[in-house]
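What follows is a short report on a single structure.
The values are calculated or read from the model by the stated rules, or taken from the named source; none is laboratory data. None of the values given here were measured: they were computed from a predicted structure. Cβ coordinates were reconstructed from backbone atoms using ideal geometry, including for glycine residues, and neighbour counts include every protein chain displayed. All accessible areas refer to the heavy atoms of the entire protein, side chains included, with ligands and DNA or RNA removed. Shrake-Rupley method; radii C 1.70, N 1.55, O 1.52, S 1.80 Å.
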Amino acid sequence: MAFASPITLSDAIAERFRRLRGEGRRALVCYLTAGHPDYSRSLALVRGIVEAGADIVEVGVPFSDPLADGPVIQASSQQALERGMTFDRSLDLIREAGIDCPVVLFSYLNPVMAAGADALARARAAGADGLLITDLPLGADPPLEARFAEGPLDYVRLVAPTTPRTRMAEIARHGSGFVYLISRLGVTGERSDIAAELPATISLLRGVTDLPVCVGFGISTPDQAATVARLADGVVVGSALVRAAEVSVDAAIHLVRGLRTAIDAI
C-alpha cells in the first residue's frame, strides 16, 4: 500500500525539546489509550494532563491484539474497542482536544494499514505530530518503513535494552522526533525498580544519535521518573497513568502533577 502524498511535516516535537533544553528541563511524555475509560473522559484526560505538565502526549490507538502491552493497557484497549473506538475516532479525539502540545500517535501496524492510504495525512490534519508503530522493527519491511519515514509525521523508533550499538545507530538514523528507549525486556507495565543496566544503555544510545532519548516501560512513580530524568532527555509513563485513569480523571491528573514536580526538581 502506498500512502498519500504528505502534507506539511510538523516540527512541534523538535521545538518542544529545544525549548526544554533551553530551560534545562526534561520531557514528561504521557501515554493514554484513546477512548478509555470512555470518549468523554478520554477527552478530559488529554486536556487535563497537558494542563498538569505533560510535554508530549502519546495517544494509543486501541487494538484487539496488543501483544507488546501488559494487562493494564491491554484491558484499556479492549474497553475502548467495546465502546466503539477506532483509528478515526482516535483522530477525532486528537482534533477535538485541540491541545497546545505535541501528539504522538501510538499504534500497532494493523490499524494504520487498515485506515487507508491517507491515514497519516489524516492524522496530521487532526493534529498529530509523530507516529510510533510498536510492531514494525527496523528491517522488517524497508519499503513500508521508508514511507512512514517520508510521511507527514515524525517517525519515532523503539530501541530495546539488548540492542547492539551498531543497530542502535541504524534504528536512530531511520527515525525522527526522539528515540524511545525501552527500559527493560518484556511488556509494558508498572515496576518497583529501575533496571540496573539503564544508565549504560542510555550512554550507549547517546553515543550514536543526536535525537533526544526518552525512556519508558515500567516507570510508574515520581521517584522513578526523577531517577530516569537525571539520565535521559525524557520520561515516558503509560501503565500507571492508564491505571489512574480507571479510577478517575482527577487521579490521573494528580499523578501527572506529581511526576512533573519530581522531574523538575532534579
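Is one or more of the residues making up region 231-246 free of Cβ contacts under 8 Å to residues at least 24 places away in the same chain and assigned to a helix (DSSP H, G or I)? Checked against the condition, which is being free of Cβ contacts under 8 Å to residues at least 24 places away in the same chain and assigned to a helix (DSSP H, G or I), region 231-246 yields at least one hit.
Take the residues of region 51-68 that are closer than 13 Å to L241 by Cα and out of contact with any Ser or Thr (no Cβ under 8 Å at 6 or more places or on another chain): which is surrounded by the fewest Cβ atoms within 10 Å (Cβ to Cβ)?
Across region 51-68, the extreme among qualifying residues is A52.
Across region 6-30, the number of residues qualifying as small (G, A, S), surrounded by 13 or more Cβ atoms within 10 Å (Cβ to Cβ) and either in contact with a Cys (Cβ under 9 Å, 6 or more places away or on another chain) or at pLDDT 95 or above (or both) comes to 3.
Is it the case that R260 is open to solvent by 10 Å² or more (accessible area, probe 1.4 Å), in contact with a Gly (Cβ under 8 Å, 6 or more places away or on another chain), modelled with pLDDT of 95 or more and not in a loop (DSSP other than H, G, I, E, B)? Here the answer is yes, as R260 does meet what is asked.
Here L131 does not qualify as open to solvent by 20 Å² or more (accessible area, probe 1.4 Å), of a type in the set (A, V, I, L, M, F, W, C) and closer than 21 Å to C214 by Cα.
Go through the residues of region 223-230 one by one and say whether even a single one is among the acidic types (D, E), under 26 Å from P137 (Cα atoms), open to solvent by 70 Å² or more (accessible area, probe 1.4 Å) and out of contact with any strand residue (DSSP E or B) (no Cβ under 9 Å at 6 or more places or on another chain). Walk me through how you get there before you give the answer.
Filtering region 223-230 down to residues among the acidic types (D, E) leaves 223.
Narrowing further to those that are under 26 Å from P137 (Cα atoms): none.
Scanning region 223-230 turns up no residue that is among the acidic types (D, E), under 26 Å from P137 (Cα atoms), open to solvent by 70 Å² or more (accessible area, probe 1.4 Å) and out of contact with any strand residue (DSSP E or B) (no Cβ under 9 Å at 6 or more places or on another chain).
Between A252, A226, A169, A200, the distinction of being free of Cβ contacts under 8 Å to residues at least 12 places away in the same chain, hydrophobic (A, V, I, L, M, F, W, C), out of contact with any His (no Cβ under 7 Å at 6 or more places or on another chain) and not in a loop (DSSP other than H, G, I, E, B) belongs to A200 only.
Per-residue answers, yes or no, for (1) closer than 27 Å to T221 by Cβ; (2) part of a helix (DSSP H, G or I); (3) of a type outside the set (G, A, S):
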{"residue": "L32", "(1), (2), (3)": "yes, no, yes"}
{"residue": "G35", "(1), (2), (3)": "yes, no, no"}
{"residue": "L45", "(1), (2), (3)": "yes, yes, yes"}
{"residue": "A54", "(1), (2), (3)": "yes, no, no"}
{"residue": "E58", "(1), (2), (3)": "yes, no, yes"}
{"residue": "S64", "(1), (2), (3)": "no, no, no"}
{"residue": "G84", "(1), (2), (3)": "no, no, no"}
{"residue": "V104", "(1), (2), (3)": "yes, no, yes"}
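The number of residues in region 163-192 being surrounded by fewer than 16 Cβ atoms within 10 Å (Cβ to Cβ), touching a Leu at 6+ places or on another chain (Cβ under 7 Å) and modelled with pLDDT under 95 comes to 0. Say we look at region 69-118 and pick out the residues that are farther than 25 Å from Y180 by Cα and among the aliphatic types (A, V, I, L, M); which of these is surrounded by the fewest Cβ atoms within 10 Å (Cβ to Cβ)? The extreme case among them is A117.
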